[in-house]
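K.L.:
After the structure tokens below, expect a handful of questions from me.
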Amino acid sequence: RKTERGKTMTSASLSAASSPNTIIDEYDPTLGYHPSVPPLDIRLGLTTSPLSPTSNDVGSNTPKTKQQQHPPSITTPLPLRWGILGCSKAAHDFTQSLKFLSSIGLPHSISAMGSRSISRASKFATLHNIPNAHGSYEELCADPTVDIVYVASLHPHHRDHAEMAIFSGKHVLVEKPMTMKAEDARYLYDLSIRLNLFMGEGMWTRFFPAVEWTRCRLGEEDGVGVGVGGEANTPIVEAEGNVVVPIGQVRVVQADFSIDGSDVGPYPSDSLYAAESGGGSAWCVMPYVVAAATMPFDSYPDRIAANGIIPEDDNDVGDVAMGMTLTFKNNTNTSSKKTSSASNNANSIPGDKSIASGVCGYLAESSEITTYASRGGRITVAAPAHCPTSATIVRKSGGRGNGASSETTLSGGSRGIPPDNSSNVATVEFPLPTSTSEIEESGGMKMPNSMGFIYEAEAVRRLVVAGRISFPQWTPEESIGCIQIIEEMLRQIKA
């Protein structure tokens, strides 16, 4: 991964909340993101913010030439024309988010949808005012008005449907999990390289600004690390000169994502459980926990330990609960650095190892928060942590518990953003943009915080237009590694 280098932003949409320790960063539709945290692809210089599209570009379903479909310029505001494969709840909500992006002038359009039956396809297309409905996935992938296919079918079919789409010359975004075998995911990413087409897994959590904000603050304790495993340590500068001070090498991660399965669907027939549908918490919710647990680290865990619950009945179902512990070897050049933390001394525990734990399942609804802890402090990603709108940083100023509950007033900084070292405790909120009447009239959102799909979808557009073929927020290596971890967990549980 490349080191993310600091950018100075000039657009203002931040304000102090009622609490002096809370800053609210509103979504800026002219940028397509929240100003205090440019997305990672922009911070790395892989893409740039969009130009304002012309009215002739947005929503047009006129077939484009190959050059127009894959423009070399990162500033060409041509619409990315989506095809939706599948009629799931995720497909519904993702479609709604694309309609929102189009409504604020960002160049997305929905050209077609495909289902296994023409009646379902037509019903979905009518609901969302999509011009073309197809009664087979093959017809959708062959549609010349589609540039990119969003695969939202059942988990066991992701490999085949993604392969179908990319062999039809389409870019592909696959709803998580990418596949249920690491070798299948590797095959698809290799195909994208060979065909020079975008291929990404929809790990939407990584695109939420609360997670982007957190990521900036995970790293070296000397204030220059960036938490993304770069070749060099470069200070992050944001908000007109505010230098981000990371909390230091993450040593402990705690993550969870458990729901009450009965709130979603009946056991054992619902796809949440049924093995033939790819059910089981391993594939439905554990990917989020693994993604949270592995974010601070550059390497694959050196140890994986797992336990879980698979119902002992006659039903063909997946697991209903899983727990994991991962350990990581930290970079030696990181752990050996001197730090400014007051807790660092000659008698400190060696910093060459970190640990992450996580639980998921369908037994009961958990708090669903993620915490990253270092010797310099901790960051908590608020619930629901797989689609969060806020995060809190607590800086430890020395001594056990010092900083855990401090309430010092934020002051200084640019445009209402405090310097990172001005307070022991600070919370940043990133409210989702308000829904539109068009979205509400077509059923609203089915799942919590689904408006957050806009961050992922707009990242896809920026990357495709820039000629990139994968995400930096959730790289092919991370995507494959996540599946490998879950495969090993299942092996242990079933042994």
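K.L.:
Calculate the length of the line joining the C-alpha centroid of the range 449-495 to that of the range 164-182, in whole Å.
P.N.:
Each part's Cα centre sits 11 Å from the other's.
K.L.:
Let me ask you something else. Need one number: nm distance between label points at residue 138 and residue 477, each 7 Å from Cα along Cα→Cβ, rounded to one decimal.
P.N.:
Calculated label separation equals 3.9 nm.
K.L.:
Run the numbers for residue 300 and residue 263: contour at 0.36 nm per residue of separation, minus the present Cα-Cα distance, in nm.
P.N.:
9.9 nm
K.L.:
At 7 Å along the Cα-to-beta-carbon direction for both residue 367 and residue 129, put a label point, then send me their distance in nm to one decimal.
P.N.:
Reported label-point gap for residue 367 and residue 129 is 4.4 nm.
K.L.:
Apply 1/(1 + (r/R0)^6) to the Cβ-Cβ distance of residue 487 and residue 310, taking R0 = 22 Å, and write down the FRET efficiency to the nearest 0.05. Provide the component values of the computation, followed by the final result.
P.N.:
Details: r = 15 Å, r/R0 = 0.69.
That gives a FRET efficiency of 0.90.
K.L.:
With label points built 7 Å along Cα→Cβ from the Cα atoms of residue 122 and residue 275, find their separation and express it in nm.
P.N.:
3.8
K.L.:
Taking the Cα centre as origin and putting +1 on Lys and Arg beta-carbons and -1 on Asp and Glu beta-carbons, what dipole magnitude results for the range 72-159, to the nearest 20 debye?
P.N.:
Its charge dipole is roughly 240 debye.
Read the figures in this text as sums done on the coordinates, not as results from a lab. None of these values were measured; they are calculated from a predicted model. Every residue, glycine among them, receives a Cβ derived from its backbone with ideal geometry; neighbour counts consider all protein chains shown.
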